[in-house]
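Below: the structure, in C-alpha cells.
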Amino acid sequence: MINIKAEKIDIKQMTLSFYSPKGKKFREIPLHTDLMDVLRERLKEVPEGNIITYNSTENLGKAVQRYLRNICLSQKGYSARTFRKTFITLARSYGIDDSVVRELVGHSQRSTADRFYNKIQMDTMKQSLKKFKRPGTA
C-alpha cells in the first residue's frame, strides 16, 4: 500500500495498476465502489506520486486505525493486517468464485489450467467485486 502511485489509479475505470514485488509482475485490479470517495479526495490532496506518504508500516497501521474509526469499524477488531484475510473470508461467503478471489488478492493460481488458460478478465473481477459488501453495510 505504501508504494501505490496516484498516476496508477484510474478513477473512471475504477482500477489500480501496480508492480507486485512478491509476484514479480505488473498487476491491474478493480477498485470497490466503497473506496472511490476516499480515493477521489486523496487524489485531490496528492495528484501524483505515492498516495500514502507514511514512511513506515507502523505509521500506516495507525492511519488505517483512524480510517476504521471514521467508517465505524474500529470495534470489530480489524487492522491493516486483517484486511486481506477478512476480504477473502467474506468474498467467499458472498459467492465470489475462488479463482476470482485469488486473482483479486494476488495469490498464485492453483492449477496449470488456471495459470495458463483461465485468465480472469477485468470485467469478471469488477462484476464479482460488486457482490462484496463492506462489513457493517450488508
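The values are calculated or read from the model by the stated rules, or taken from the named source; none is laboratory data. Treat the numbers as computed from the prediction; the structure is a model and nothing was measured. Reconstructed Cβ throughout: ideal geometry from the backbone, glycine too, with neighbour counts over all protein chains shown. Protein only, heavy atoms only, side chains kept; ligands, DNA and RNA dropped before computing areas. Shrake-Rupley method; radii C 1.70, N 1.55, O 1.52, S 1.80 Å.
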Pairs where the first residue, in the stretch 37-52, is under 13 Å from MET14 (Cα atoms) and the second is open to solvent by 50 Å² or more (accessible area, probe 1.4 Å) and not charged (D, E, K, R), C-beta under 8 Å, 6+ apart | VAL38/TYR67
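Keeping to the stretch 56-98, report how many residues are of a type in the set (Ser, Thr, Tyr) and farther than 26 Å from ASN3 by Cβ.
Going residue by residue through the stretch 56-98, those that are of a type in the set (Ser, Thr, Tyr) are 56-57, 67, 74, 78-79, 82, 86, 89, 93-94.
This time we only want the ones that are farther than 26 Å from ASN3 by Cβ, so: 93-94.
Counting residues in the stretch 56-98 that are of a type in the set (Ser, Thr, Tyr) and farther than 26 Å from ASN3 by Cβ gives 2.
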